[in-house]
Protein chains: 2
Amino acid sequence: MTISTGYIGLGAMGRGMAANLHGAGFLTSAWNRTRANAESFAAEHGIRLADSPEAVAAECDLIFTCVSADADLTEVVARILPQLRPGAVIVDCSTFSADTARTLAKKTGEAGGSFLDAPVSGGVEGANKGTLAMMVGGDAAALEKARPALEAVAARIVHMGASGAGQATKAVNQIMAAGINQAVSEALAFGTAQGLDMDKVIEVVSGGAAGNWFLEHRGPTMTHGRFDPGFKVALHHKDLGICRAMAGDVRLVSVEQTLTEYEQLMEQGHGEEDISALFRIKSAKFNQDA
Amino acid sequence: MTISTGYIGLGAMGRGMAANLHGAGFLTSAWNRTRANAESFAAEHGIRLADSPEAVAAECDLIFTCVSADADLTEVVARILPQLRPGAVIVDCSTFSADTARTLAKKTGEAGGSFLDAPVSGGVEGANKGTLAMMVGGDAAALEKARPALEAVAARIVHMGASGAGQATKAVNQIMAAGINQAVSEALAFGTAQGLDMDKVIEVVSGGAAGNWFLEHRGPTMTHGRFDPGFKVALHHKDLGICRAMAGDVRLVSVEQTLTEYEQLMEQGHGEEDISALFRIKSAKFNQDA
């Protein structure tokens, strides 16, 4: 028997995941804070919209949440917990601090359920295709209970450890993504200034020890001045602020540089573009201030 | 008929390439500045050592050079040119400035031959296996003449454009490698400080949008404190100095950070280690100053 599953937060990531859960026969109901934004999506996929997070909690043993800020998540979980079915599992796919994950896990445990911090990587494409990588922190038994449904949304599911370990791993991912954005945009700005055929450069560099996903997937668009998301500057900026707050004694030189430059981009009105818009800062070719 | 081929500069990269040229039936003779260092290698492979670069030039229509600094290359080419056979092609696989490449191409042209700047990536492993990626600048007809021999040493041969374009592309590669080293070492230092199981972190992050060759191949060793080369800190430091000199108005923030930190590593006696030794600077776990 499939576990009755609810989905809270039908943003760009949540829609793909909810659609895949629905397609695999798991989804009982879904909820979005701004109902009007979700109605045509729900109608198109035959997904039933619940009236509240409380209503989702009352009818589901597995509840996905995917919201965009710590405060939203804390509020949604506070609404869910009084209605939580015994042994229910909350799987949160948002990106927030490891401390928040540990706090919510404790509260959910006291309400008789389990909370997994399960941030994902792979972007909107991965959410749509069901090929996300999922980094899970929390109770191993709760993960096994949720796993059949998780497999409908993620191609790779790794249990990282206790509550917070999923978020700490996601932070590693976001820090690395910032550094790689720096690496790729700086190197391609140099190549552009050298007058090279950048399509050829990307081809040959991708085959060597400097090869990386971002270069292959974003290099060809950024060097042609196309910055459609993808992963938005403003969202990565938010995530990097979380990483900075978690860092303690570790110096995050690339993250600090990236935060400063993302703030420049947001001031210039590019916050909703893909993070590869960092190329605007690095290359005179697309820098409106240059 | 195979083109008579000579190889000048039997260092770590040159040996693998010379052995592959010899195995494919191209190699007529080879020369190394310090003959004693090359004698056992030559004897083992049945390669004939010439007495001088002049002697190599006198008997070869294709001459590979692979030396470690601009000045060495300029000197070697100056010795070759008076003996150059009509229409001979010099293929240089060293890393140096695009300006030097253009100067040497001009001089070689005046001597009745052609000069290709053909730096490679793929490291000593690639040189040994004949799987290098080669970025070529210079005359297209000279490249076609050399191509059968190039195919004995490289799996990917891309004509980037006029003289200097090969070196400019290699510079893009070295700049990107510096930035990625920053990205990976910073993110893994953060993850180590969070107490995560780093083997699992590397596995899950490799599968997503922050995935890269360096993380997969060097992440597992660096987080366990192993820094065997690979690509040596001191050599990458030299290459990044070339990139800095070529950069003009492009700000190379990651490169500057890397140069400073490589200098710290060299002062601490780690210049002959792999570039992933940057992790020593980033992580308290392996930083002797921390």
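Being modelled with pLDDT of 95 or more and within 22 Å of the chain's Cα centre (by Cα) holds for only one residue in A:Gly123, A:Gly109, A:Gly23, and it is A:Gly23. Among helices (runs of 4 or more DSSP H) entirely within segment B:60-135, having at least 2 residues that are open to solvent by 20 Å² or more (accessible area, probe 1.4 Å) and more than 14 Å from chain A (Cβ to nearest Cβ) singles out B:70-80, B:98-110.
Residue count for segment A:1-34 under the criterion of being open to solvent by 10 Å² or more (accessible area, probe 1.4 Å), assigned to a strand (DSSP E or B) and not β-branched (Val, Ile, Thr): the result is 2. Among the residues of segment B:267-278, those identified as out of contact with any Lys or Arg (no Cβ under 6 Å at 6 or more places or on another chain) and part of a helix (DSSP H, G or I) are B:Glu267, B:Ile275, B:Ala277, B:Leu278. Residues of segment A:139-162 that are of a type outside the set (A, V, I, L, M, F, W, C), in contact (Cβ under 8 Å) with a residue 12 or more places away in the chain and assigned to a helix (DSSP H, G or I): A:Lys145, A:Pro148.
Of the residues making up segment A:35-59, those that are part of a helix (DSSP H, G or I) and open to solvent by less than 30 Å² (accessible area, probe 1.4 Å) number 6. Here's a check for you: in segment B:203-217, which residue that is open to solvent by 40 Å² or more (accessible area, probe 1.4 Å) and within 23 Å of the chain's Cα centre (by Cα) is farthest from the other protein chains (Cβ to nearest Cβ)? Checking each candidate, the answer is B:Glu216.
The rows are residues; the columns are (1) within 13 Å of chain A (Cβ to nearest Cβ); (2) in a helix (DSSP H, G or I); (3) not aromatic (Phe, Trp, Tyr).
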residue	(1), (2), (3)
B:Met176	yes, yes, yes
B:Glu186	yes, yes, yes
B:Gly225	no, no, yes
B:His237	no, yes, yes
B:Gly248	yes, no, yes
B:Glu261	yes, yes, yes
B:Leu265	no, yes, yes
B:Arg280	no, yes, yes
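Of the candidates B:Leu196, B:Leu259, B:Leu240, B:Leu235, the single residue that is open to solvent by less than 10 Å² (accessible area, probe 1.4 Å), of a type outside the set (Gly, Ala, Ser) and more than 15 Å from A:Val253 (Cβ to Cβ) is B:Leu240. Here segment B:267-278 is the region considered, the condition is being more than 14 Å from every other protein chain (Cβ to nearest Cβ) and in contact (Cβ under 8 Å) with a residue 40 or more places away in the chain, and the residue that is least open to solvent (accessible area, probe 1.4 Å) is B:Ala277.
For segment A:189-200, filtered to residues that are at the interface with chain B (Cβ under 7 Å from one of its Cβ atoms) and under 27 Å from A:Thr260 (Cβ atoms), the residue that is farthest from the chain's Cα centre (by Cα) is A:Gln194.
The values are calculated or read from the model by the stated rules, or taken from the named source; none is laboratory data. Keep in mind that what you see is a predicted model, and the values were worked out from it rather than measured. Here Cβ is always computed from backbone atoms with ideal geometry, including for glycine, and neighbour counts include all displayed protein chains. The accessibility values were calculated without ligands, DNA or RNA, using every heavy atom of the protein model including side chains. Shrake-Rupley method; radii C 1.70, N 1.55, O 1.52, S 1.80 Å.
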